[in-house]
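A short worksheet on the structure shown next.
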Amino acid sequence: MLNYKKIVIKVGTKVLTSKDRALDRERVKDIVDQISTIQAKGIKTILVTSGAIGAGMGLLKLKRRPAKLSALQATASIGQNHLMRLYSEYFKSKGHLTGQMLLTQEDFNDRTRFLNIKNTITALLEHDAIPIINENDTVATDEIRCGDNDRLSGLVSDLCHADALIILTDVDGLLDESGRLISSVDEITARISKLGGRSRCDMGTGGMATKIEAAKYVTNAGIECVIANGRKKESILKILEGEAVGTIFKSRKVKFIAKKRWIAFSSRPKGMIKIDEGAKDALLRNKSLLASGIVAVDGNFIAGDVISIDVISIIDKDGVEFARGLANYSFKEVSRIMGHSSSAFKNILGYKGPDEVIHKDNLVIL
């Protein structure tokens, strides 16, 4: 793994905080020391760090995570400032500058903003600075929930074309049904996903389930992922030296192209289209989605938004998402043209747009 040129390291809150919930300065310093060693070996590193809410709870001497949104955001604001000051001080002592980036899901939903994030990270790395990324908990609303930084680390790994994602937590890796460590995963099956459970903690870190989801995302992008115990000495360096540390998730050889990965995983659907079985068969044969196969539409999307595509069974009417794509028409327009052929668009809409509601080049089968 020392042949890697670029990696993303995600550090969980429980790795960075002590039992009294205060930020563990020695643990932060240890993470910085390891990353500085990696940088000296020519491996560019992006750090995705949790810990802002945990650090704020420690400074405010709170015993429980605030339930009120404004209190939670204030706690994150206080903690983020403290967390970044420590990172900046320790990295500066090692000769490295740092660049803070606070992101939310909306930054990934918009394709232009998505690419701007990539360009900023690239520029920071060119200056030999360490990009330090966290979710913007001070302004986020529904984004403040368990596991967001696991997902965020996967998104960042993909957009910056990392070779590997290392997720550091307070357990040794993925455990099987008997509690034994699984050292390697070739494919994330239903069994592997089930082993993650649905755990969450009051400090704001995600459980194993969100880490497996992040691993599934990056391995589909051709990126290897390791989940390991970040509280153990030199865990990052040992992983890169090839030692048997944690659980490694092997990358897939066949992967989506970058734009289709963004459609499928990085953005969140703004609406939903339900189609009949005939339209589903056409999509599975690499055809575009036409209005004639649409039976229902929901949401508030505009042209250019990512939307979810469900199949409505003629028999039981159960909708199952199986694809996503970029809409050529808005929700209101699709509501009017669904079930019609493209030859009727001009009479219905007053103008003739694309024949396809979603072009096959902008459509991903999940």
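The values are calculated or read from the model by the stated rules, or taken from the named source; none is laboratory data. Just so it is clear, the structure is predicted and the values come from calculations on it, not from any experiment. FYI the Cβ positions are ideal-geometry reconstructions off the backbone, even for glycines, and counts take in every protein chain you see. Ligands, DNA and RNA are stripped out before the accessible areas are found, and what is left, the full protein with its side chains, is counted by its heavy atoms. Shrake-Rupley method; radii C 1.70, N 1.55, O 1.52, S 1.80 Å.
Taking the square roots of five times each eigenvalue of the Cα gyration tensor of the range 46-189, the equivalent ellipsoid has semi-axes of 24, 23, 18 Å, listed largest first. Heavy atoms of the protein chains alone define the surface here; on that basis the chain has 46 Å² accessible area per residue at 1.4 Å probe size. The simple spin-label model puts a point 7 Å past each Cα toward its Cβ; for Glu187 and Asp170 those points are separated by 3.5 nm.
Split the accessible area of the chain by element, probe 1.4 Å, and carbon with sulfur accounts for 50%. Note on the chain: with a GNM built from Cα contacts shorter than 10 Å, the maximum mean-square fluctuation among Tyr217, Tyr329, Tyr351 falls on Tyr351. Can you give the local net charge around Leu174? Use residues other than it whose beta-carbon is closer than 14 angstrom to its beta-carbon, Lys and Arg +1, Asp and Glu -1. Here the count lands on -2. Mind checking which of Asn220, Asn134, Asn119 has the largest fluctuation in a GNM of the chain, springs on alpha carbons under 10 Å? With Cα springs under 10 Å in the chain, the top fluctuation among Asn220, Asn134, Asn119 is at Asn119.
With every protein chain in place and a 1.4 angstrom probe, the accessible-area ranking of Asp276, Asp148, largest first, reads Asp276, Asp148. So which residue, out of Thr75, Thr112, Thr45, gets the largest mean-square fluctuation from a GNM of the chain using Cα contacts under 10 Å as springs? Its mean-square fluctuation being the largest, the pick is Thr112. With contributions of -39500 (n - 2.57) from each DSSP H run of at least four residues, the per-residue ellipticity at 222 nm computed over the chain stands at -10500 deg cm²/dmol. The distance linking the range 218-249 with the range 147-174 is 10 Å (Cα centroid to Cα centroid, whole angstrom). Note on Lys118 and Lys238: the model spin-label points, each 7 Å out from Cα along the C-beta direction, lie 3.6 nm apart.
With a 1.4 Å probe and all protein chains kept in place, how much accessible area does Arg27 have, in Å² rounded to the nearest 10? In the full protein context, Arg27 sits at about 40 Å².
Surface listing: Asp128, Asp30 arranged by accessible area from highest to lowest gives Asp128, Asp30, probe 1.4 Å. Among beta bridges from DSSP that stay inside the range 1-143, the antiparallel ones total about 5%.
Summing +1 for each Lys or Arg and -1 for each Asp or Glu among the other residues whose beta-carbon sits under 10 angstrom from that of Glu213 gives +2.
Taking every DSSP bridge with both residues inside the chain, close to 45 percent are antiparallel. Dividing the convex hull volume of the alpha carbon atoms of the chain by its residue count gives 149 Å³ per residue. A run of the chain free of exposed loop cleavage sites, with GluC sites (Glu not before Pro) counted only in DSSP states other than H, G, I, E and B and at most 13 other beta carbons within 10 Å, reaches its longest extent at 1-176.
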